[in-house]
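Following: one structure in structure tokens, then a few remarks.
What follows is calculated from the coordinates using simple rules that are stated; it is not laboratory data. Quick caveat: nothing in here was measured; it's all calculated off a predicted structure. Counting neighbours? That spans all protein chains shown, and the Cβs are built from the backbone with ideal geometry, glycine included.
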Amino acid sequence: MFLEILTLTESAVPESSFGFWSAMEEGGPVAWTTAGILAIMLFFSIYILIVKIFEQNKVLKQAKDVRRTFWRASSLKEGTAKLEKDTAYKQIVDDAVKAEDEHGRLKDPMEAHDWMHGSLSRSEDMINAKLAGGLPFLATVGATAPFIGLFGTVVGIYNALLKIGAKGSAAIGDVAGPVGEALIMTAFGLLVAVPAVLAYNWLQARNKRIAEGLHSFSTDVLAFIASDGAVKPAAPAAAPAKAAPAKKAPAAAPVKK
């Protein structure tokens with residue numbers, strides 16, 4: 001008899017369901033809009049990270065190729081023929097060759113040098129600006145996503161308190177459940193912001209390393225042009241070819257007695 005009463009009592013108590021989807025339904029259009037904005041921020045943050053990794057890896061790979069093969073050429077035009085099209089280092093060399101052809105029209109040697117230096121600096125700035133594209137978006141996401149999530153939390157708590165106030169009195173479960181659901185939006189905002197900040201700092205550090213390499217190469221190109229090819233960095237020595245393993249002599253046949 002006691003077990004039957006206990007079973008009926010448990011079946012009469014409604015089961016409370018709390019979670020993300022319940023919080024979205026309780027929050028209404030504001031919660032859905034907030035979650036949609038955060039989802040869009042997360043998607044584009046991942047997209048920018050992947051695109052920038054490919055761009056940076058391409059420039060870093062070309063830097064190794066330039067150090068290995070470019071300065072073996074006798075002239076800039078010969079060296080630029082060894083570089084891939086539409087790449088950062090080829091753009092610097094092409095701009096240098098163009099500036100070299102144009103600076104001969106300047107009669108003042110100092111102005112000619114300034115023209116060459118300014119042309120190469122402008123080329124560097126254009127490449128660095130392209131590599132930095134998209135990073136401001138990551139910085140914006142990292143700065144604003146927590147506050148967007150907090151906004152969703154505030155609206156969720158506000159709606160929960162209105163419903164609790166309409167009842168007049170409520171148990172702890174009626175308060176803790178809706179408030180806990182509202183905090184999901186804050187957690188979502190942090191989930192979007194933290195990876196964006198980490199990606200921004202990491203990509204900025206790699207861009208700085210690339211910019212240093214481009215500036216060093218630009219300085220070498222300028223010295224090469226100003227000295228008519230007499231000054232240029234030494235090309236790394238070619239790796240020695242591996243000697244073929246010596247063949248073992250066949251064993252002598254045993255002498256029969």
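Among 52/77; 61/90; 52/232; 130/232, which pairs are too far apart, with a Cα-Cα distance over 25 Å? Those over the limit are 52/77; 52/232; 130/232.
Quick one: putting +1 on the C-beta of Lys and Arg, -1 on the C-beta of Asp and Glu, what dipole do you get for segment 30-226 around its Cα centre, in Debye to the nearest 20? List each step's numbers first, then the result.
Details: 21 positive and 19 negative charges, 116 e Å.
With Lys and Arg at +1 and Asp and Glu at -1, about 560 debye.
Put in order of Cβ neighbour count within 10 Å, fewest first, the listed residues 147, 54, 44 become 54, 147, 44. Put a dot 7 Å past the Cα of residue 58, heading toward its Cβ, do the same for residue 40, and the two dots end up 2.8 nm apart. Cβ crowding within 10 Å, taken as a proxy for footprinting-reagent exposure, orders 93, 51 from fewest neighbours to most as 51, 93. Plainly put, segment 30-226 has a radius of gyration that is 1.30 times its Kirkwood radius, both from alpha-carbon atoms, as the Rg/Rh ratio. Using the Cα centre of segment 30-226 as origin and beta-carbon charges of +1 (Lys, Arg) and -1 (Asp, Glu), tell me which of 140, 54, 97 is placed farthest towards the positive end of the dipole. Going by the charge dipole, the pick is 54.
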